[in-house]
Structures are given as C-alpha cells and as structure tokens.
Amino acid sequence: MPLRQTATAMALALFAGPAPAQDAAELIGDAGRGAQIYRSCVTCHQIGPGAENRTGPHLNGIFGRRAGSVEGFDYSDAMDRAHGDGLTWDYARLDAYTENPRALVSGTRMSFRGIKDAQDRHDVLAYLRQFTASPQDIPESAPTAILREVDLPPEVLAIVGDAEYGEYLASECLTCHKRDGSDEGIPSIVAWRAEDFVVAMHAYKQKLRPHPVMQMMAGRLNDEEIAALAAYFEDLD
Ligand code: HEC
Ligand code: HEC
C-alpha cells in the first residue's frame with residue numbers, strides 16, 4: 001500500500017471510527033449536474049463574479065472559508081457561535097450542512113430542508129468548488145479532510161430514550177445548560193425535538209461540530225445515553 005494511502009486510511013480510522021474508508025475519487029461530483037441542483041440555492045445565494053449577499057451570504061471561495069465570516073452579512077447567533085468555535089467549510093462539513101443545515105448548526109437561519117441524496121450533494125459541491133480559487137479541503141488535494149456526515153443508522157434514531165435515566169445523566173449537563181431554557185452564552189437544550197437533539201449530540205461525538213468541551217461530553221455517552229438525555233430534555237419546559 002503506498003504511504004499516502006496508509007496515512008489516509010489511518011486518518012479516516014481516527015476520525016470516522018469503523019466506517020468503511022470511502023475512496024476519495026467517489027466523492028468528486030459532476031459539476032454540470034450540480035449547476036442544476038444549485039437552482040435550489042439560488043433564491044438565497046449568489047455565486048460567481050460580482051456575487052453579493054442576498055438572503056444568504058455569497059458563496060464565492062466557500063471551500064476553506066471560516067463559517068460566518070462574510071463581511072457585512074448579518075448571521076444568526078448560532079452561525080456566529082460556530083464561527084467562534086472555529087467551524088471551517090471543508091468538504092465534509094459542507095456536505096453535512098447541505099444535507100441537514102440544523103444537524104451542524106442548530107439555530108441556523110438557513111431555512112432549507114436539505115438535500116438527502118448523497119450524489120446530488122457531491123454534484124452541487126463540485127459546482128460550488130469551481131468558485132474557490134485554490135481549494136484546500138477537496139477530496140483530491142486533502143483526502144484526510146473527509147469525514148462522514150452525520151448519517152445515523154435508523155436503529156440509532158429509533159432508540160426510545162428512558163427519560164428517567166436521562167434525568168440522572170442530565171445533572172452534569174445542567175452545570176452549564178439552564179434547566180429553565182434561558183440562553184446566556186450557553187445555548188438552551190430544553191424542549192428540542194428528540195431527533196434533533198440526538199443528531200446534534202452525534203455531530204459532536206463524531207467531531208463534525210468543533211466545540212471541544214461538547215465533543216468530550218458527547219464522546220463519553222453511548223447511543224442509549226444520548227437517547228435518554230434527548231427524551232428527558234424534550235419534555236422539560
Ligand atoms: C431560503 C434561503 C436559503 C436557501 C434556499 C439556501 N440557503 Fe444557504 N444560507 C441561507 C442563510 C440565511 C444563511 C446564513 C445562515 C445563518 O446565519 O445561520 C446561509 C448560509 C449558508 C452557508 C454558510 C455560509 C457562511 O458564510 O458561513 C452555506 C455554505 C450555504 N448556505 C450553502 C447553501 C447551499 C449549497 C444551498 C443549496 C443547496 C443553500 N445554501 C440554500 C439561506 C439559504
Ligand atoms: C462545561 C459546560 C457544558 C457542559 C457540562 C455541557 N455542555 Fe452542552 N454546550 C456547551 C456549550 C458552550 C455549547 C455551545 C457549543 C457550540 O458552540 O457548539 C453547548 C452545546 C450543546 C448542544 C447544542 C446546542 C445548539 O444550540 O446547537 C447540545 C445539544 C448540548 N450542548 C447538550 C449537552 C448535554 C446533553 C450535556 C450533558 C451530557 C451537555 N451539553 C453538557 C456547554 C456545556
């Protein structure tokens with residue numbers, strides 16, 4: 001095995017756990033087809049020469065761009081926080097955000113239901129990539145940057161959480177998050193839809209979301225524990 005591939009495989013194992021190492025080449029989409037799919041973005045985003053901010057920020061140079069960093073665009077508090085945490089738009093994170101914006105940035109103002117089909121996402125990202133001058137985190141130049149998107153097996157989403165156990169586990173969370181749902185610096189996690197909560201926790205666990213404390217918190221929890229916490233917090237009001 002060539003050295004480069006070994007390093008890639010190791011990095012994938014490190015970040016993505018036991019997921020099958022995907023061949024980077026498979027991920028490079030068809031930009032022509034992507035241009036068609038981009039029509040679902042164009043009501044809110046401009047791209048290309050002279051692109052300006054509209055409902056959404058312009059998307060020139062998006063690969064390698066720090067989230068929430070376009071001058072003069074009024075981002076949501078959630079995107080400002082992601083910016084503060086160091087979220088940067090590499091391939092995997094664009095893929096995750098395009099699939100389900102709220103899985104990566106819960107309070108995002110981008111009201112877009114997401115593109116479920118993986119090939120459609122690869123194609124639209126191939127299209128966007130043409131407007132980044134020197135792409136950094138694209139599959140062929142930085143294969144180690146590829147992380148899985150938050151794709152949870154249906155069994156994990158189907159776990160019915162034990163709210164009582166969740167209450168027990170939640171005491172640690174409540175040293176930071178407020179039980180009454182107030183949001184001063186630390187976001188509220190009360191009365192979320194359980195599924196959104198589960199997806200958000202797994203995004204920390206898989207290190208797609210950058211916040212180190214939450215990565216550590218989520219990393220210690222197994223699937224049942226995350227479901228239990230989701231069930232407990234869903235019913236708090
Ligand atoms: C209904 C309007 C709307 C649609 C449709 C939409 N977006 Fe967005 N997008 C936004 C808004 C608003 C933001 C800023 C989000 C925030 O501040 O939380 C955003 C942010 C983004 C960002 C982050 C930009 C940054 O500077 O950090 C990316 C990347 C993005 N959108 C890509 C897309 C893609 C790709 C599509 C189509 C597949 C799409 N969006 C469709 C409104 C939209
Ligand atoms: C040491 C303080 C601290 C502890 C303890 C903590 N959190 Fe967090 N949590 C944070 C901070 C800060 C954020 C915002 C992170 C970010 O910007 O992504 C956050 C974000 C979150 C989010 C995403 C919120 C959003 O709006 O996107 C969820 C869900 C969450 N925490 C759940 C939990 C759970 C469940 C526990 C207990 C197992 C827990 N947290 C323990 C500080 C903490």
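Computed from the coordinates by the stated procedures, all read-outs in this text should not be read as laboratory data. Keep in mind that what you see is a predicted model, and the values were worked out from it rather than measured. Positions of Cβ are backbone-derived with ideal geometry, glycine not excepted, and every protein chain shown enters the neighbour counts.
Miscellaneous remarks
- Computed from backbone phi with θ = phi - 60° and the Karplus coefficients 6.51, -1.76 and 1.60, the 3J(HN,Hα) list for the stretch 37-49 is 5, 4, 4, 6, 9, 6, 5, 10, 10, 9, 8, x, x Hz; x is used for glycine and proline.
- Per principal axis, descending, Cα span of the stretch 154-234 in whole Å: 35, 27, 19
- P(r) of the stretch 51-92 over all Cα-Cα pairs, binned every 5 Å from zero, in whole percent: 6, 25, 31, 27, 11, 1
- Summarising the amide proton neighbourhood of T88: residues at separation of 5 or more, or on other chains, whose placed amide H is nearer than 5 Å comprise A67.
- Per-residue ³J(HN,Hα) for the stretch 174-186, Karplus 6.51 cos²θ - 1.76 cosθ + 1.60, θ = phi - 60°, Hz, x for Gly and Pro: 6, 6, 10, 7, 8, 4, 7, x, 6, 10, 10, x, 9
- Whole-Å distance, taken between Cα centres, linking the stretch 161-226 and the stretch 98-116: 19
- Mean separation of Cα pairs under 8 Å and 6 or more residues apart, divided by the residue count, gives the stretch 154-234 a relative contact order of 51 percent.
- Extension gain from R66 to V160, taking 0.36 nm per residue of separation minus the Cα-Cα distance: 30.2 nm
- Ordering of 91-101, 182-192 by packing [mean C-beta count within 10 Å, highest first]: 91-101, 182-192
- Farthest towards the positive end of the charge dipole of the stretch 154-234, among the residues S188, N222, Q206, is the Cα of Q206, using unit charges on the Cβ of Lys, Arg, Asp and Glu.
- Taking other Cβ atoms within 10 Å as a rough exposure proxy, L87, L157 sort from fewest to most as L157, L87.
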